[in-house]
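Participant: Got a structure for you, questions after.
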Amino acid sequence: MRFDLTDLRLFLSVVECGSLTHGAQAMHLALASVSERIAGMESALGAPLLERNRRGVRTTAAGDALVRHARAILGQVEQMRGDLRSYATGLRGRIRLLSNTASMAAFVPPQLCRFLASHADLSVDLEERPSSEIVQALVGRRADLGIVADITDLGSLQTHLIAHDQLVVVASRAHRVAALASVSFAEILDEPIVGMADTALETHLAERASRLGRQLNYRVQFRSVEHVAMLVEAGIGISILSHAMGHSLRRNLAIVPLAEPWAARRLYLCARDFSALTPHADLLARQLMAGDMADG
């Protein structure tokens, strides 16, 4: 059984007009052609759709069911056309943005807030990933834009500096590192860690620890930074966070910079080719560049 959109529109026209003649006139078709198409629909269905009488036509039970489905289908088609028409202006679409942990913590949320408030027809698919994976995704055309740290080989990607970042150790005021001006990564590897779960930062720190032949001693991991802060304040362990994330915590905690050069990072907005971005991805890129924190 195959009905095309013309069949459905024709059938609804006949039903709404109450007769084959008036339905044919509304569709600007010959009566014979309309009658033939309705008969073809009934043959394909194997059941009558209309009952003919001297006053015109009325639907059978099968016809009533077809009316409901035809109206739903044609309504969805019109909605689809309206949605797709918006794409022609370049002002509707989805943008895939990948971000590392540092920029996700402080830079990205306020920028997306401004962007989405200004562009009601645009949506952003945002995902947190390690910087190395972001580069691979951009090269493989699996994302429009990415924000990465400069510790990653950026290859042939085009870049724009948007922010600086420093990794810090967050500890209770009673912890031994609280009085230090800075602390090395190796010094804290034996410490119990309260970590952020499923983050790109966790992957990066694990890699750095493995280079020293060590691994981080996680006592517990949370998705919420506030939960991390609560346990750190209680002396359960220390945590390693971005500077922006650490200073966003409303608790009495010590924040000590990691001493390693790799802990001081620059964050870059990246794309395969900024001049080849879609119109909506270009709008987001301009927002992120205009709102950069490179001097802050």
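The values are calculated or read from the model by the stated rules, or taken from the named source; none is laboratory data. None of the values given here were measured: they were computed from a predicted structure. Cβ coordinates were reconstructed from backbone atoms using ideal geometry, including for glycine residues, and neighbour counts include every protein chain displayed. With ligands, DNA and RNA removed, areas are computed over all heavy atoms of the protein, side chains included. Shrake-Rupley method; radii C 1.70, N 1.55, O 1.52, S 1.80 Å.
Participant: Given an 8 Å cut-off on Cα distances and at least 6 residues of separation, report the relative contact order of the chain as a percent.
Facilitator: Relative contact order, the chain: 21 percent.
Participant: Report, to the nearest 10°, how far helix 108-118 tilts away from the longest principal axis of the Cα atoms in the chain, using its own Cα long axis and a range of 0 to 90°.
Facilitator: Rounded to the nearest ten degrees, it is 30.
Participant: Moving on to the next point. Answer rounded, prolate or oblate for the range 3-114, using the Cα gyration tensor with square roots of eigenvalues a ≥ b ≥ c: rounded when a/c is under 1.5, else prolate when a/b is larger than b/c, else oblate. The partial results should precede the final answer.
Facilitator: Values: a/c = 4.36, a/b = 3.32, b/c = 1.31.
Cα axes put the range 3-114 in the prolate bin.
Participant: Okay, next question. Roughly how many debye, to the nearest 20, is the charge dipole of the range 101-227 about its Cα centre, given +1 on each Lys and Arg Cβ, -1 on each Asp and Glu Cβ, and no other charges? Kindly include the intermediate steps, with their values, before the conclusion.
Facilitator: Details: 11 positive and 16 negative charges, 58 e Å.
In debye, rounded to 20, the range 101-227 gives about 280.
Participant: Let me ask something else. Roughly how big is the chain's charge dipole about its Cα centre, with Cβ charges of +1 (Lys, Arg) and -1 (Asp, Glu), in debye to the nearest 20?
Facilitator: Values: 31 positive and 31 negative charges, 165 e Å.
Charge dipole of the chain: 800 debye, to the nearest 20.
Participant: Also, I was wondering about something else. What accessible area per residue, rounded to a whole number of Å², is obtained for the range 1-140 using a probe radius of 1.4 Å?
Facilitator: Working: 7950 Å² over 140 residues.
That works out to 57 Å² for each residue.
Participant: Return the percentage of antiparallel bridges among DSSP beta bridges fully within the chain, rounded to the nearest 5 %. Could you put the intermediate results ahead of the total?
Facilitator: Working: 25 of 43 bridges.
Taking every DSSP beta bridge within the chain, about 60 percent pair in antiparallel fashion.
Participant: Moving on to the next point. Classify the chain as rounded, prolate or oblate, taking a ≥ b ≥ c as the square roots of the eigenvalues of its Cα gyration tensor: rounded when a/c is under 1.5, otherwise prolate if a/b is larger than b/c and oblate if not.
Facilitator: On the way: a/c = 3.96, a/b = 2.93, b/c = 1.35.
Since a/c reaches 1.5 and a/b is larger than b/c, the shape of the chain is classed as prolate.
Participant: Indicate the gyration tensor shape class of the range 219-273 (rounded, prolate or oblate), computed on the Cα atoms with a ≥ b ≥ c the square roots of the eigenvalues: a/c under 1.5 is rounded; otherwise a/b larger than b/c is prolate and the rest oblate.
Facilitator: In terms of gyration-tensor shape, prolate.
Participant: Among Ala30, Ala117, Ala186, which one shows the biggest mean-square fluctuation in a GNM of the chain, springs joining Cα atoms closer than 10 Å?
Facilitator: Ala30
Participant: Between Ser43 and Val220, what is the label-to-label distance in nm when each label sits 7 Å out along the Cα-to-Cβ direction?
Facilitator: For the pair Ser43/Val220, the computed spacing is 7.4 nm.
Participant: Rounding to the nearest 20 debye, state how big the charge dipole of the range 144-296 is about its Cα centre with +1 on each Lys and Arg Cβ and -1 on each Asp and Glu Cβ.
Facilitator: On the way: 13 positive and 17 negative charges, 88 e Å.
Dipole magnitude for the range 144-296 comes out near 420 debye.
Participant: Using the alpha-carbon atoms, what tilt in degrees (0 to 90, nearest 10) does helix 279-290 show relative to the longest principal axis of the chain?
Facilitator: Approximately 20 degrees, to the nearest ten.
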